[in-house]
Structure formats: C-alpha cells, structure tokens
Amino acid sequence: MEQPRDKTPPSEAVLEQVTELLRRHSLAEDVARPQDAPRQGLVEGLIQKLHLVELQKKLEGLHPADIAYILEAIPLDQRLIVWDLVKAERDGEILLEVSDAVRATLIEHMDEHELVAATEALDTDEIADLAPDLPREVIEDVFRSLSVEEREQLRSAMSYPEGTVGALMDFDMISIRDDITIEVVLRYLRRLDEMPDHTDQLFVVDRSGQLKGLLPVNRLLVTDAETVVTAVMQTELTRFLPAEKAEDAAQAFERYDLVSAAGVDRSGKLIGRVTVDTVMDYIREETDNDMLTAGGLREEEDLFASVWKSVKNRWTWLAVNLVTAFIASRVIGLFESSISRLVALAALMPIIAGISGNSGNQTITMIVRALALGQITAANARKLLAKEIGVSVLNGMIWGGVVGLFAFLIYNNWQLGVVMTGAMVLSLMLAAVMGVAIPLTMQKLGRDPALGASVMITAITDSGGFFIFLGLATIFLV
C-alpha cells in the first residue's frame, strides 16, 4: 500500500534534511573505502545503507513536484543518488516536473528499458510533453505498447507546435450526450474509478460529437434526476482551436477564472480540453524563459551544469556585450581632448549612462509585459511611445536638475550643471524610444520580445549617453 504523501510545499528545511543525509552517506562511503579490517568495513557499510534507507523513506513521502525541486537544487553526483532511490513507477511523473536541463541529465542516466517503463505509465498528453527529450527508439517502443486510440491521441498531441493550445490539450475528460437525463449521467459517473483531475464541468455533445454546451458539476448535483441535460446545460462557453496561441488561452483562463475549457476542431467537434494546471505550467515556463532571455542566456541552464556547458550557454550575449563595450569606448575616445581639458567629465558621465540604462530597462519591462498580455496594438503603439517620451522628459528635468545641482556644488560650474541637466533629458528620451522600439521590433520579426533586451538597451544607453553628454560638453564647455 502506497504511503500518503505530504503535499506541503518543500521548505529549505526539507532540502537541508536531504542534503544532510547525502552528506552522511558520502562521509560513510569515504570512511569505509580505505578500511582493511572486514568487520570495520562491514559496520561502515551498514551505516551507509541506513542513511540511504532513511533517505528513501523521506522521498516516498514527497510529491513528485517536491522531489523535482530537490533534484534541481543538488549537484549532479547527489542528484543521481536520489534518482536511483526513487520508485520506478514515479519516474515519469518526476521527469515531467523537473526543468528541461535537469531532465536531460536524468534521462542520460537511464537505460532504454527504464525510459520505456517510465513513459508508458503516463497519459498520452504527458507522453507528448516528454517526447522531444526521449530517444527515438524509446518513442517507437512506447507507440507499440499503446492502444489504437491512444496512438492516435499521441500522434495528434505531438503534431501541435509548441506554444499552441493543441500542445496544452488533455484528452482525459468526461463528455455526455445532450439527450439523456441527469439520472443517467450520475449512474455513468458512479461506474468510473475516479474522475479526471480538475473536472469542474462535463462537456455536452450530440451524437456526432459536436460540442453543444457545458454541465457544471455543482449544477449536476442539485438538479432533479429526471431533468434532461439540454434543459440545464450552459450554452455560453469558452472554447479553443488547437492552432490558437497558448498565450491567448492563458489570458482567457486568467480573465474568466477558468478551471477547464473545451478544445474543438474547426467543425466544432470536441477533441480535448485545457486545464488550469497546464496553463499555470505554461505561464511559469514563459516567465522563466523571459527572465533568461532578458538576461542574455540562450537556454535554460542546470544550476550545477558543467563549467563548459555554462560557458557555451552564456557567451553569445557576452560577445555582443563586448562589441558594444568597444563601441562605447570608441565614443569616449572621440572626446579624449575634451575630457583632458575638463577632467570632471570623466567622473560625471557614468551617472548619465547609469540613469538612462535603468530608465530604459523599466520601459522595456513594461512593454514586454504589455505585449505578453496582448495590450499593445498598431493603433495604440504611437500613443504609448508619446507617453513614454513625456515620462522621460519629466524624469529628465527632475533628476537632471538634481545631478546638475550636484555638479554645480562640487565643481562650482553652473554651465556644467546645465549640460548635465540637458544630457539627462536627452539620454532618458533615447532610453524611452529604444525601450519601446526594441521589443516591438523583436515581436515584428517573430522573435521573443525579451530576447537580450536588457543587454541591448544597456549598450545603446551607454554609448548614446556618453555621446550626448560629451558632445554637449564639447560644444558648450570646452
């Protein structure tokens, strides 16, 4: 009998307990290895096994998502020890929960038989999620083990591109006919072993499978048994086509507080459903990807990946940043004579670049979020740009006045203070324009709007800020 699992989110204390058991196991292993005396070695070996038994019991009480959390937070050698202690029937569930980078290290550690067994225990939509990371031979073996209906479902799920509603769809759902009574529905439900997760409503279809409406479970329980389904079903419903953007579905779930929604083909035939847990996973993954791409990482990175893998993952935007740094240095080089005549310029120009860079990142963050929510259109883009320029002008005057006063008090030069104020206004205007233009251009090119955004805006505001400040100083001060 399976032990009940504690679904309390894992705290740092749980992770520390697992880490401590792994540390004791490693210590006992190191002590036992050099022992010459058989009795001493036997004692140390028993202690080592006791630590593993205790660790295995702790893992059995955890939800697959909690184990995934632990696997992502420990080094590779310890990760493989924990992975070997997990019961085989839970492998598939845990592989679905871990990050792509960590999943790759676990799959690499498994043989073909283990992978097939882990995958066969999953639903077809879950197999489709895992399929891109599995060897071709494993997928072929899994296909042969499925029923004809399940094979068709799996082919259908794998045919939908990533980022579409079809890739999020679940085929485990309950549909009922529109011409039966509530009593018939209840008898049908009682014959089921269990209802699919997140079943808040039943999908009502006609004889040909066309979606006609929804029957909420709460309405089902309080309706007279002799009532026909068509009399109490809801005909106003949210439905999605498989080719629609997953982003649009996520917005609909948030806007209408949905738990599940129907997936239909172009003829209106019910083919699957989308559930809130899948949508939440999609939103989390997109948020993580945006954070990574904004920071200049090519892909998700295992926290304990090898040095070489981490270097390869990070060097693309570092190379771009190096080029932009050379450009910024050449901009400064153009004004070497001005800087040599007025040394204060060298001390003050990082202020301009720093403030404008921060302002540009604020604008980009807001624009990327608005694009993700579908709030920016061709009609309002110009108004948004004008608003951001207005904000930058006002901020430039306020904070430019502050730094201008600062420059005047330190260097006793009011002209320098005026130049600082003017440079701040112009630099913040540049940051606003680029903060709007970069993500909109990336989206128009079909790329992720957050891709390298922070790197690009920093490069532009650095070079632009230096050029504006030193240029104004050369014209009015030198």
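The values are calculated or read from the model by the stated rules, or taken from the named source; none is laboratory data. As the structure is a prediction and not an experimental result, all values here were calculated from the model. Because the Cβ atoms are built from the backbone with ideal geometry, glycine has one as well, and the counts that use them run over all protein chains shown. Accessible surface is based on the protein model in full, side chains and every heavy atom, while ligands, DNA and RNA are left aside. Shrake-Rupley method; radii C 1.70, N 1.55, O 1.52, S 1.80 Å.
Candidate cross-link partners of LYS58 among the lysines, defined by an alpha-carbon separation under 27 Å and a same-chain spacing of 8 or more, comprise LYS7, LYS49, LYS87. Candidate cross-link partners of LYS387 among the lysines, defined by an alpha-carbon separation under 28 Å and a same-chain spacing of 8 or more, comprise LYS444.
Can you give me the long-range amide H partners of GLU244? Hydrogens built in the peptide plane at 1.01 Å from N, cutoff under 5 Å, separation of 5 or more residues or another chain. For GLU244, the qualifying residues are VAL165, GLY166. Along the charge dipole of the chain, which of LEU189, THR458, ALA407 sits closest to the positive end, that is, farthest toward it, with unit charges on the beta carbon of Lys, Arg, Asp and Glu (+1, +1, -1, -1)? Sorting the options by dipole projection puts first ALA407. Each residue, ARG255 and ALA379, gets one label point 7 Å from its Cα in the Cβ direction; the gap between the two is 1.4 nm. Placing +1 on each Lys and Arg Cβ and -1 on each Asp and Glu Cβ, with no other charges, gives the chain a dipole about its Cα centre of roughly 2540 debye.
Couplings 3J(HN,Hα) of region 407-419, computed from phi: 5, 5, 5, 7, 9, 6, 9, 5, 4, 4, x, 5, 4 Hz, in residue order, whole Hz [Karplus 6.51 cos²θ - 1.76 cosθ + 1.60, θ = phi - 60°; x for Gly and Pro].
Using R₀ = 25 Å, calculate the FRET efficiency as 1/(1 + (r/R₀)^6) where r is the Cβ-Cβ separation of PHE408 and ARG330; round to 0.05.
0.25
Residues in region 349-365 carry Karplus couplings, in order, of 5, x, 5, 4, 5, x, 5, 5, x, 5, 5, x, 5, 4, 5, 4, 4 Hz; the curve used is 6.51 cos²θ - 1.76 cosθ + 1.60 with θ = phi - 60°, and Gly or Pro positions show x. In sequence order, region 154-166 has phi-based couplings of 5, 4, 5, 5, 6, 7, 7, x, 5, x, 10, 4, x Hz under the Karplus curve 6.51 cos²θ - 1.76 cosθ + 1.60, θ = phi - 60°, and Gly or Pro positions carry x. Here the gap between ARG191 and ARG369, fully extended at 0.36 nm per residue and compared with their Cα-Cα distance, gives a gain of 59.4 nm. Entry comment: accessible area of region 292-416 is 61 Å² per residue, from protein heavy atoms only and a probe of 1.4 Å. Note on SER340 and LEU85: with the Förster distance fixed at 51 Å, the Cβ-Cβ geometry gives a FRET efficiency of about 0.15. With each label modelled as a point 7 angstrom along the Cα→C-beta vector, the GLU226-SER175 pair spans 3.1 nm. Could you tell me which of ALA328, ILE438, ALA261 has its Cα farthest along the dipole of the chain towards the positive end, charges placed at Cβ (Lys, Arg +1; Asp, Glu -1), taken about the Cα centre? Of the listed residues, the answer is ALA328. Against the empirical 2.2 N^0.38 Å (N residues), region 122-244 has a Cα radius of gyration ratio of 1.25. Report the paramagnetic label zone for GLU244: residues of region 156-176 whose backbone N is under 13 Å from a point 7 Å from Cα along the Cα-to-Cβ axis. It comes to 164-169, nothing else. Using only Cα atoms, tell me the angle between helix 307-334 and the longest principal axis of the chain; keep it within 0 to 90° and round to the nearest 10. The angle comes out near 20 degrees.
Amide H contacts of GLY263: PHE240, ILE271, GLY272, ARG273, VAL274, each under 5 Å away and 5 or more positions distant or on a separate chain (H built 1.01 Å from N in the peptide plane; Pro and chain starts excluded).
Using the Kirkwood radius over C-alpha pairs as Rh, can you work out the diffusion coefficient of the chain via Stokes-Einstein at 20 °C, viscosity 1.002 mPa s, in µm² per second? Mind showing how you got there, number by number?
Numbers: Rh = 27.5 Å.
Taking Rh from Cα pairs, D becomes 78 µm²/s.
Carbon and sulfur atoms: what percent of the 1.4 Å accessible area of the chain do they account for?
The computed percentage sits at 57.
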